[in-house]
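Scroll down for the structure; my scribbles are underneath it.
The values are calculated or read from the model by the stated rules, or taken from the named source; none is laboratory data. Fair warning: this is a prediction, and the values are worked out from it, not measured in the lab. When we count neighbours, we look across all protein chains shown, and the Cβ atoms used for this are built from the backbone with ideal geometry, even at glycine. What goes into the accessible areas is simple: the full protein's heavy atoms, side chains included, and nothing from ligands, DNA or RNA. Shrake-Rupley method; radii C 1.70, N 1.55, O 1.52, S 1.80 Å.
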Amino acid sequence: MAAWRKLKDFAGKYGIIIVLVVLFLFFAIATPAFLTPENLFNILRQVAIVGIVAVGMTLVMLTGGIDLSVGAIVALAGVSGVFFTEYMPAPLAILLGILVGGVAGYVNGVLTAKTKLPAIIVTLGSMTYLRGIAYVVTGGYPLILSNGFFKNMGQGYLGPVPIPIVIMLLVYAAFFVVLKYTVFGRNVYMIGGNAEAAFLTGIKVVPRMTWVYTISGICAGIAGVILAGRLLSGQPNVGSGYELDAIAAVVLGGTSLAGGVGTIVGSLFGALFMGVLSNGLTLLSVPYYWQLIIKGIVIVLAIYIDRLRQKNARI
């Protein structure tokens, strides 16, 4: 029994890394193009966008919530940033695009924390109206990006490393420190463990929850302007499905849907898993609709594994 318990603990801590290595080796053997430097950088570029979204989603899910609006925020922040470049310098336009994401997240946080509405309902509604606002801003057509500075957000390099990867690593490093070494980080875990008990110990639950959703919006905003720079346009239809990819990455990384348990590093490995899976299936010429089926199965399995973790934790 002791050996079995140790094995379960090991799988719980390092399971996503083991599965990621196995998946990586499988694709490396199955298709020679997988291990080329160009393809590996391409994987990391793809991971950077969903990975940054997953940072905010991690904080939300650590509190026991969920944010279904992040894909729509990615689209709205991207089109807003491109729109603002027509009237101001690109750095300011990028910051305003990210701020749009933060405002959208703040509204989600206020509605969730102050009105006690279920997060899934609030963010499902905001997913719809934010996508609608993105279409209103663009008139239903892509906004073409011509600014070189903005373009570098998605296509530029810092030395040999693509800028989106650098930004992703900085975001992960920042929130690793926040969650591990700050009072705010400890409060997030305590709220997810038991919000009522956290309130009774003096934690200001409503402001903390509002900040968590605001951060989720900011992260989605950062991903949105990076994606716009990569696509050289602000497109109102992008980001669809990113919320599910981010949720899958976070749960695969060990964050519990019930809240209170998880790490930012685990979410990074979860995002890498989703990126490697998508890239490998594409290289193997698996049809897109089959990819959707496989990713859907992965999401269901991730939730099932989370339920098993919760059950084992109660034993």
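Side notes on the structure shown:
- Qualifying residue in segment 183-190 (condition: over 14 Å from the mean Cα position of the chain (by Cα), in contact (Cβ under 8 Å) with a residue 60 or more places away in the chain and under 16 Å from ALA48 (Cβ atoms)): no
- For the residues GLY280, GLY275, the requirement of being in a helix (DSSP H, G or I) and more than 26 Å from ILE73 (Cα to Cα) singles out GLY280.
- Residues (open to solvent by 50 Å² or more (accessible area, probe 1.4 Å) and either in contact (Cβ under 8 Å) with a residue 12 or more places away in the chain or in contact with a strand residue (DSSP E or B) (Cβ under 9 Å, 6 or more places away or on another chain) (or both)) located in segment 13-61: LYS13, ILE17, VAL19, PHE24, PHE26, PHE41, LEU44, GLN46
- Filter pass, ILE264 being crowded, with 21+ Cβ neighbours inside 10 Å, within 15 Å of MET57 (Cβ to Cβ), modelled with pLDDT of 90 or more and touching a Ser or Thr at 6+ places or on another chain (Cβ under 9 Å): yes
- Candidate set: segment 130-160, residues that are under 14 Å from GLU86 (Cβ atoms) and of a type in the set (Ser, Thr, Tyr); chosen: the one surrounded by the most Cβ atoms within 10 Å (Cβ to Cβ): THR138
- When VAL107, VAL47 are checked against the criterion of being at pLDDT 95 or above and of a type in the set (Val, Ile, Thr), a single residue qualifies: VAL107.
Residues checked against (1) farther than 11 Å from ILE222 by Cα; (2) in a loop (DSSP other than H, G, I, E, B); (3) touching a residue at least 40 places away in the same chain (Cβ under 8 Å):
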site: GLY64; (1), (2), (3): yes, yes, yes
site: LEU68; (1), (2), (3): yes, yes, yes
site: ILE73; (1), (2), (3): no, no, yes
site: PHE83; (1), (2), (3): yes, no, yes
site: MET88; (1), (2), (3): yes, yes, no
site: ALA93; (1), (2), (3): yes, no, yes
site: GLY97; (1), (2), (3): no, no, yes
site: ALA104; (1), (2), (3): yes, no, yes
site: VAL107; (1), (2), (3): yes, no, no
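- Flag if ILE120 is β-branched (Val, Ile, Thr), open to solvent by less than 10 Å² (accessible area, probe 1.4 Å) and within 30 Å of MET190 (Cα to Cα): no
- Scanning segment 175-187 for residues that are over 14 Å from SER267 (Cα atoms) and open to solvent by 40 Å² or more (accessible area, probe 1.4 Å) yields VAL177, LYS180, TYR181, THR182, VAL183, PHE184, ARG186.
- With respect to the conditions (1) modelled with pLDDT under 95; (2) of a type in the set (Ser, Thr, Tyr); (3) touching a Gly at 6+ places or on another chain (Cβ under 7 Å); (4) open to solvent by 10 Å² or more (accessible area, probe 1.4 Å), THR282 falls short on a single one, namely (3).
- VAL238 being assigned to a loop (DSSP other than H, G, I, E, B) and closer than 30 Å to TYR141 by Cβ: yes
- Evaluation of ILE247 against the conditions (1) open to solvent by 40 Å² or more (accessible area, probe 1.4 Å); (2) modelled with pLDDT of 90 or more; (3) more than 29 Å from PRO32 (Cα to Cα) shows that the sole unmet condition is (1).
- Tally, over segment 204-226, of residues that are more than 25 Å from ILE191 (Cβ to Cβ) and either open to solvent by 10 Å² or more (accessible area, probe 1.4 Å) or of a type in the set (Gly, Ala, Ser) (or both): 1
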